[in-house]
Amino acid sequence: MKPILLLLMLFPLLGGLFSALFGRRVSRWTVERVACAGVILSFIMALIAFDSSGGKHQIITFFTWFQVADFSVLMDVRFDPLAAFMALTVTFVSSLIHIYSVGYMKHDEGYVRYFCYLNLFVFSMLVITLADNLVFLFLGWEGVGFCSYGLIGFWYKDMKNASAGRKAFLLTRIGDVAFGIAIGLFFLIFNSLSITYINGHADILTPGTMTLFGLLLLWAAAGKSAQLPLSVWLPDAMAGPTPVSALIHAATMVTAGVYLLMRLFPVFSGSATAMAFIAVAGTLTAFYGACAALMQGDIKRVLAYSTISQLGYMFLAVGAGNITAGMFHLVTHAFFKALLFLAAGCVIHALHEEQNIFRMGKKLRLALPGVYWPFLAGAAALSALPPTAGFFSKDEILISTFLHAGIFYKFLWFIAILTAALTALYTFRLFFIVFTGESLYYEEESEKSVEKPPPNMIATLWPLGVLAIFAGLLNLPAGWGGGGWLSEYFLNIPGAAHHGEIPHSVENGMAIASAVIGIFGIICAWFLYGPKGLLRRPDLPGAWGGLFDLLREAFYLDWLYRRYIAWPFEKMADILWNRVDREGIDRGLYSFANTFMLFSQILREWTSGRLSGYLFMLFMGLTVILCLLAINFSIL
Amino acid sequence: MQSDWIVILPHLFLAGGGLLIFCIGAFWKNRPDGTLFITALLSAGAAAVEALAFSGSGTPFAGMVSGDSFSRFFIALFCGISVITLLFSRRYALHRRFSGDEFYGLILFATLGMALAAGATHWAILFLGVELLSISLYILIAIHKSSQAANEAGIKYFIMGSAASAILLFGIAILYASTGEMGIVESLNAPDSRNPLFLLGLGMVITGFGFKISLVPFHLWTPDVYQGAPAPVAGFLSTGSKIAMVAALLRIVTGASPPVWEVIAPVIWTLAALTIIVGNLTALVQDHIKRLLAYSSIAQMGYLLMALLASRGDGAGASAVIFYSVIYAFMDLGAFGAVSLVSLGEPMARADRDSLTAYRGLGYEYPFAGALLAVSLLSLAGLPPTGGFIGKFALFQAAIGADYMAIAVIGIIGAIISIYYYIKVIAVLYMRPTRVPTPHTFPGFSGPVACASIFALIVLMGILPGSLLEVIAVILS
Amino acid sequence: MAVYGQVILLGMMLFVIGGACVLIRRNLIMILIGVEIMLNAAGIVFIAASLRWGALDGQAFVIFIMAVAAAEVAVGLALIVYCQGRSGSINADTYNTLKG
Amino acid sequence: MWLYSLIFYLLAAVILSSTLLAITRRNLVHMVIYLIISFFGTGLLFFLLGAPLLAALEVIIYAGAIMVLFLFIIMTTPSEGDQEKLKGEDPTCQSCGPIRLLHTGLPILLATTLLVVAGLFIFADPEIRVALNPAMASPAVFGRFLFERYWFPVEVASFLLFVGLVGAWYLGRDGLGAGSMARVPQSEEAESENRGEA
């Protein structure tokens, strides 16, 4: 088992190192093949490991990183069903995205950097997935952050892209602070940083501590998983190449936060407050994301807000105490969101980097049937139409929210199901505008021809399409004749235990309700945004325009950040940077930093360059030391 | 008796190698620089191998030098330092035309001095080792005769160093006068080693040591000398001579009897705190890289002293000190080595490339030396995944574990401040250069070999520090 | 015979006189002389201690002090002459181009 | 016994006064002469304290070799050699009397403080009042002791002297750098610089 897991992690790392070291020396062909091979081999290893572990928990120590007194950091991995499943998903989706990237980046000069980052990204994600030691995990966590920074700002020559990368980096860093604090607290309390140990001894925590941990971890996860209020970086992070968006937003990076919560579930599951907080954060984010997605005009931004929204569902699942459902949704979401992004990438590629959905139309359906059908499958899954994968996974979340004790959760359930309707609405709005009807910009129509994407890009859509529809079979509820395989598989995971038998009436009722709501959403979308739709236009006049702007600007969250957080910081940096503005805003901080510099200048004068001064200090020091000794010895 | 000789076999290799080099230089027409260089490398390497491979035991020569694994470990470290210094200085010395038997021979003699100082169990050997080291360094610093700055640095170090040696010597005399013991540990544990006279001597000895490892307020010479000295020599000075003194100090600190320790601990505490604060603060405004490195090395010594305070307990402190010494040696050598590599192409070949503005975009011009400098600085700043991170972690862990909370907090604040000036240099290194860079390559093998080995060591110790820590645990047990 | 403490005090006073010489004088040669006086003071203490403890170790150390003094003076004077040849000054404070 | 004490006090007075006179001389040749007196006194003190061999060596090495070396250097250094300007008279600060006072006053204050503190340590020691009994280590005994127990440090000291020799030779010889060195591979820049210097 140990060599398999080691290889599982090492293959992407080696691929990345190869690109970094020899990428410039060898041909493009080799770089591409090595990068893909690294991930695909890793996927094969994940399959073998998944197969041979048989759902058992295994802790394997690779080596001791360092050991200082009683504090040791072990490079060990915890291969339990959760990790096995996650590793499988990550490597599978990443493999497809790598293959897709070969086509997508065909004409880009920075391919070496690109594939290097991409491989390292997968490696870091696998570290998060498998690590048992929190410091080890944190390294992966930071690695993911760093790689995403590089990839989002991949076309760094454009200032906007570089600043998007920086924004992602900074906002996720805010989350990392909380994670760092949490790690410190864990060590203080448990004297160990092993997840296994911590989970096993979580019962020594008082409810207060549990709440604290829950909030800290929520804060950390919110940064990584773009939950409110740290969500603003994700839509901007679309600046990177589209496969990167697929990788970051669909399968890997953003799920790291949720995964962390699932991994450390026992630490806070005893605290109702923490759980409620997580559920509320998830629900609000889900609703917020769905609303914001409703009015976006950029195909990738729609999908980005949809990701935020779907991640909210996963948080809700964790908050409702059903991490099986959360994981289930994570996996199905990975499939259909990767599919949607990759299909969007095909569309963008076909229209020569055009991202405005109002410039698309039925010509795409005619020209790209290979993209149209997978996209439809993905849209159906996202809208949770029965019997797609999304339907089952979302349904399970709704059921567990509904059945969770407390009237409060009923309310959350209500918002969640409302969001489900919104989800169907915005998904099919996107679908109808992109693939049906006419483009709104007739005049440019003639200039642009649709370019067919290379076959390896299209080919990767199909397996994802199939999975988007059929992945629901993994955890088919008993009512549908399934055995709930995933629930069985996750039975041993702490916190994944069944909540008793689900009443058939609830199960069936919920299924029907969500199906109806989904279909209702689609019908609305057809009337509003279909080829002859009422609202098929980029902006709205009159009183509705304000609402429209509110939604399009995602409740002005970005603006709020700029106005009340980023702006003062920028100002401060500005003041510190060019001293001209010294009469500026935050005098206190400025003079604080200035004091350091002043001290520094004074101390610099001390080193006067004159030997007599140095010799004087030598004897002065001797005298002072002797005086100190005399005082200590009390002969003075 | 035979084991006596095994103990000093590394010393014999170093001394013999030095003498051989001078003989070759004296009797061979047209002094063959390559042969001299190889001889120096081989002697240092052989001494290192000998120190690691053969275990002598006991303290031969009437208890004057120690053959324990502690001193053998340090001897190997010093040999490693001198090998790397030799590699970095090869081209540098040729280019500035001071290579020759004096340079290589004196490096070996200085290494011998370090080995003696670190392994001494007798005050006479300690003093003679320190003096051998110092006198070799006086000449090595001033060895670049066409450089005005080296000249000034040499005279400054000489005057300060000889005054400090005199203080150290007088301290030793007073210690002997009060206890009648010449053995280091014996004198520290003598029955009447709590009388005032003894403390007077100890105060002077601490001052002497404080000068050699440049603790505040005895640090003033450090930036001047480092700036003036040729870069490889500055690296040698800042690593070898300091670590030798730290090793000797470690013996003193762990050997002192509890009542003595009670009195001197506050003094060491004060020195450590002052050194951390002043070193880091003064480094903030430096705009010459060698001065910046000098202040940084001052601050690093403060951290080491902090852990030295904690080294009387369960061994965590001592282990941290030794571990950090090793890391510090390589990262500081790496930084100065990178400076010496990029100074090779300086047109006038008189001074080093020193001003921070001259480093703008250097990472593109000299990719390898730039990377070495960046990694060394990151390690000095204590950022993962470099060895400096683990080392600093161990130091702070030791200090906190021994309940030196206040100084640990000062140290951590200092370390945070220090990140600013290290990163500043790295930012300058990778700034877009003002002109289009022409990537340079280094002629010969020695520079790149040294570069690669330091790079590997820093990263390796950051990723796999376990084996070294185990070795240190064995040494201390 | 004299009291032990008086001899030590004599050494200490000589040491301080040497230190004062190092501190007050700016002539490099005088600074070196000051250091020599300090080394000599240590010799006196060693010999007194040797007599006090009835062991010859202290006397042996004085031999080494002499060796060190000789070596230091040789190198130091060479350095001073060399510096003077270069910059024409033996005033310690004229060597102040490196600072800050 | 009182004779011993008398001689000791006499010697101490001679040593201290001649050293004090030495360090305050402006004329460096006078300084050397006073210092030679001081070292003679120290030699006699060594003899009194029972170290005849060291007494001889003190006179030969310190008063003889080292001082002659100093004298030699003082004679050969041209301008400032024998008439050292007192401190404070550096060209940047011509007429600032208080500064000059500060420059000499502060070190003297520091030295006095150091002496007082050290004196406190010495007098606080209860065992310091022990009287010294006269004894004599004959040169033969001392020599045997030195080379039986201390031969290793003696060897180290010989290396020290060797390094001192090398250093003095390197710094003292003509030319910049290793002038007589063989051709070594060097870059064009160095070559051209070389020509420029020539």
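The values are calculated or read from the model by the stated rules, or taken from the named source; none is laboratory data. Keep in mind it's a predicted model, so treat the numbers as computed, not measured. For neighbour counting, all protein chains shown are included, and Cβ atoms are generated from backbone atoms with ideal geometry for every residue, glycine included. Just the protein is used for accessible areas: all its heavy atoms, side chains included, with ligands, DNA and RNA removed. Shrake-Rupley method; radii C 1.70, N 1.55, O 1.52, S 1.80 Å.
Worth a mention:
- Value at 222 nm in deg cm²/dmol, rounded to 500, when DSSP H runs of n ≥ 4 in chain B each add -39,500 (n - 2.57): -25000 deg cm²/dmol
- In this rough spin-label picture, where each label sits 7 Å from Cα along the Cβ direction, the B:L476-A:H504 distance is 6.9 nm.
- Segment A:I174-A:W462, extension gain: residue separation times 0.36 nm, minus the distance between their alpha carbons: 99.9 nm
- Between chain A and chain B, roughly 3800 Å² of accessible surface gets buried, counting both sides and using a 1.4 Å probe.
- Efficiency of FRET from Cβ geometry, B:M405 and A:T206, R₀ 22 Å, rounded to 0.05: 0.30
- For B:L169, net neighbour charge (Lys/Arg +1, Asp/Glu -1) across residues whose Cβ lies under 15 Å away: -3
- Treating r as the C-beta distance of A:F408 and B:Y420 and R0 as 45 Å, the FRET efficiency rounds to 0.40.
- The H on the amide N of A:L368, modeled in the peptide plane, is under 5 Å from the matching H of no residue at least 5 residues off or on a different chain.
- Residue mean of other protein chain beta carbons inside 10 Å, B:135-148: 6
- Total accessible surface hidden between D and B, rounded to 100 Å², 1.4 Å probe: 4000 Å²
- Taking all pairs of distinct alpha-carbon atoms in the stretch B:2-476, Kirkwood radius in angstrom: 22.1 Å
- Accessible surface of the stretch B:196-333, 1.4 Å probe, proportion on carbon and sulfur as whole %: 66 percent
- In this structure, the amide hydrogen of A:F62, modeled 1.01 Å from its nitrogen in the peptide plane, lies closer than 5 angstrom to those of A:M75, A:D76, A:V77, counting only residues at least 5 positions away or on a different chain.
- Heavy atoms of B:E50: accessible area, 1.4 Å probe, square angstrom to 10: 10 Å²
- Among the residues of B:261-273, the average count of other protein chain beta-carbon atoms within 10 Å of the residue beta-carbon is 3.
- FRET efficiency for the D:F147 to B:D4 pair, using the beta carbon distance and R₀ = 22 Å, is estimated at 0.85.
- Proximity of backbone amide H atoms, modeled 1.01 Å from N, is registered between A:L385 and A:F391 at under 5 Å, excluding neighbours fewer than 5 places apart on the same chain.
- Summed side-chain charge close to B:H288 - residues other than B:H288 whose Cβ falls under 12 Å, Lys, Arg +1, Asp, Glu -1: +1
- Positive-end residue of A:L603, B:S134, C:L10, charge dipole of the protein assembly as shown with Cβ unit charges: A:L603
- Solvent exposure of the protein assembly as shown as accessible area per residue, Å², 1.4 Å probe: 34 Å²
- Protection-proxy order for peptides D:151-158, A:348-355, each taking the mean of Cβ atoms within 10 Å per residue, highest first: D:151-158, A:348-355
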